[in-house]
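Can you keep this structure in mind? I'll have questions shortly.
The values are calculated or read from the model by the stated rules, or taken from the named source; none is laboratory data. Please read all numbers here as calculations on a predicted model, not as lab measurements. As a convention, Cβ positions derive from the backbone with ideal geometry for all residues, glycine included, and neighbour counts pool all protein chains shown. Please note that ligands, DNA and RNA were not included when accessible areas were found on the heavy atoms of the full protein model with its side chains. Shrake-Rupley method; radii C 1.70, N 1.55, O 1.52, S 1.80 Å.
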Amino acid sequence: MDLVQKEHERLQKRLKASQGLKNVQSTIDQLQAARDAIASGQSHGMDDSSSVRSIADFFCMVDSASAAVTLAKLQNPVKASFDSINDSLKETHSGLNKYTKSLDKLFKDRPLPSTEHDALAAQEHLINRAIAMHLLREGQFSVAATFLSEIADQKAMDGHDNTPRPSGASASLFDIDEVPSAEIRKQFAAMYYILHALKEERNLLPAIQWSREHREALEARGSNLEFELCRLQFVTLYHGDSQQPGPGNWQAALEYARREFQSFLPRYLREVQQLMGAMAFCSNIPGSPYAAIFNTTSAWDDVAQFFTREFCSLLGLSADSPLYIASTAGAIALPTLLKLQTIMKAKRTEWTSENELPVEISLPPSYLFHSIFVCPVSKEQATDENPPMMMPCGHVIAEESLRRLSKGNRFKCPYCPTESHPRDARKIFL
């Protein structure tokens, strides 16, 4: 700071001692004196009624001999004044450069706050939990057990783990603050046992049994998982081991339908009728109207994904691993963010918004989990507290805008002549 103060005082002294302004004023005075001398010499030869309409007219009327002498005398003083002005400007410019360099040394470039702050640095337990959950969701149970054991051992070394354990007990079997509970791990083990039976053994019975045990919860969600599993079981029995319709396979499928489909009739009557109607075409299913029902090319993968989604939903989890989704979305957004960071460093700017990015990141439709609606009235994005509302005329605005416009009474739509009452508006989900 002393260096900056020293250069600042030096610059002020140079400005005060500078003769630049005096030289400029001296040049102006010399030019005005020459103009007055030429004008006074010409005025003796001019008629009082004459007028000077322009500078060009004036120089045309002046005496060329006297004007030449006056301008010749003016040349050297003006040149000397300009040289002095240039020298003064060079000194001032040199002082400004030194002052700027001293400021740069004092205020060195530092990384922007948005690039040096790691929001997850103090949230190690959340990262550990995300990794553990990802390993469990992917069926990597032995890796997850090792990972949890290492976390427990590290906590014990750091002196943060006071959980009593039986002699010889594995640390991974105990609940740790930042990792999933033993019950969650047990649930995922059951899920992958069923998925293994579905994908590897083409065995639907464990999945059907699970769906029946959770029938009430699935029906409350409006899920048709149990019926889809039973329908695929019917088709599998019909095809038989050879995957081709045989004279005896349809009888096993028919017996299964009589035994199992009774409970589905109230809700899936049409679908059951189609399965039964297909029995009339047992000799030529591929050429029948029911060929699509018996096409199992992608049925096993579809039902496995369906089961995974419903299983995770009952646990209050998403069907896909949040860690995988976050990593993939981050990889997609990384090039744009790196370019943004370079621009921000060059312009010495930073983000002004706390909870949103300053640029739009285009993600695949499967990675868009929230409705995005910008109210055309308030120009604000809708939230859970301020959801989009559709009026009877079909136009949509945010709830706060609806409240401001109506004030509890009938109001006119801002986009059409239709009038309505705020109680007639309906919340919509995009």
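Rounded if a/c is under 1.5, else prolate if a/b is larger than b/c, else oblate: which is the range 257-327, with a ≥ b ≥ c the root eigenvalues of its Cα gyration tensor?
Working: a/c = 4.29, a/b = 1.92, b/c = 2.24.
Here the range 257-327 falls in the oblate category.
Past the 32 Å Cα-Cα mark, which pairs from Lys22/Lys105; Lys6/Lys345; Lys22/Lys345? The partial results should precede the final answer.
Details: Lys22/Lys105 34 Å; Lys6/Lys345 30 Å; Lys22/Lys345 43 Å.
From the list (Lys22/Lys105; Lys6/Lys345; Lys22/Lys345), the Cα-Cα distance tops 32 Å for Lys22/Lys105; Lys22/Lys345.
Let me know the volume per residue of the alpha-carbon convex hull for the range 305-429, in Å³.
Working: hull volume 21.3 nm³, N = 125.
Cα-based convex hull of the range 305-429, divided per residue, equals 170 Å³.
Turning to a different aspect of this structure: Would you work out what percent of the accessible area of the range 305-430, with all protein chains in place, is carbon or sulfur (probe 1.4 Å)? Could the numbers behind the result be given before it?
On the way: 4770 of 8690 Å².
Using a 1.4 Å probe with all protein chains present, the range 305-430 comes out at 55 percent carbon and sulfur.
Rule-of-thumb check for the range 391-430: C-alpha Rg over 2.2 N^0.38 Å?
Details: Rg = 9.2 Å, N = 40, 2.2 N^0.38 = 8.9 Å.
My calculation over the Cα atoms of the range 391-430 gives 1.03.
Moving to a separate point now. Quick one: accessible area per residue over the range 190-287, 1.4 Å probe, rounded to a whole number of Å²? Could you put the intermediate results ahead of the total?
Details: 5620 Å² over 98 residues.
Per-residue value: 57 Å².
Calculate, for Ile127 and Leu31, the FRET efficiency according to 1/(1 + (r/R0)^6) with r their C-beta to C-beta distance and R0 56 Å; round to the nearest 0.05. Numbers along the way, then the final one.
Working: r = 77 Å, r/R0 = 1.37.
Here the calculated transfer efficiency is 0.15.
Expressed in nm to one decimal, what extension gain is obtained for the pair Arg258 and Gln5 from 0.36 nm per residue of sequence separation less their Cα-Cα distance?
Working: separation 253, 0.36 × 253 = 91.08 nm, distance 9.68 nm.
In short, 81.4 nm is gained.
Please compute the net charge surrounding Gly394, taking Lys and Arg as +1 and Asp and Glu as -1 over other residues with Cβ under 15 Å from its Cβ.
On the way: positive: Lys412, Arg426, Lys427; negative: Glu419, Asp424.
Spelling it out: positives minus negatives among the neighbours equals +1.
A further question follows. Could you state the accessible area per residue of the range 301-430 in Å², with a 1.4 Å probe and every protein chain left in place? Can you show the working numbers first?
Details: 8880 Å² over 130 residues.
With the other protein chains kept in place, the range 301-430 gives 68 Å² per residue.
Between Thr92 and Lys22, what is the label-to-label distance in nm when each label sits 7 Å out along the Cα-to-Cβ direction?
Between Thr92 and Lys22, the simple spin-label model gives 1.5 nm.
Once fully extended, how much extra length lies between Thr146 and Leu103, figured as 0.36 nm per residue of separation less the alpha-carbon to alpha-carbon distance? Write out the running numbers ahead of the final one.
On the way: separation 43, 0.36 × 43 = 15.48 nm, distance 5.46 nm.
Net length gain for the segment: 10.0 nm.
What's the extension gain from Ala304 to Ala217 if we count 0.36 nm per residue and subtract their Cα-Cα distance?
29.4 nm
Sorted by packing (mean other beta-carbon atoms within 10 Å per residue), highest first, where do 231-239, 265-273, 218-226, 85-93 land? Please list the in-between numbers first.
Values: 231-239: 20.8, 265-273: 12.6, 218-226: 15.8, 85-93: 14.1.
My ranking of the peptides, most packed first, is 231-239, 218-226, 85-93, 265-273.
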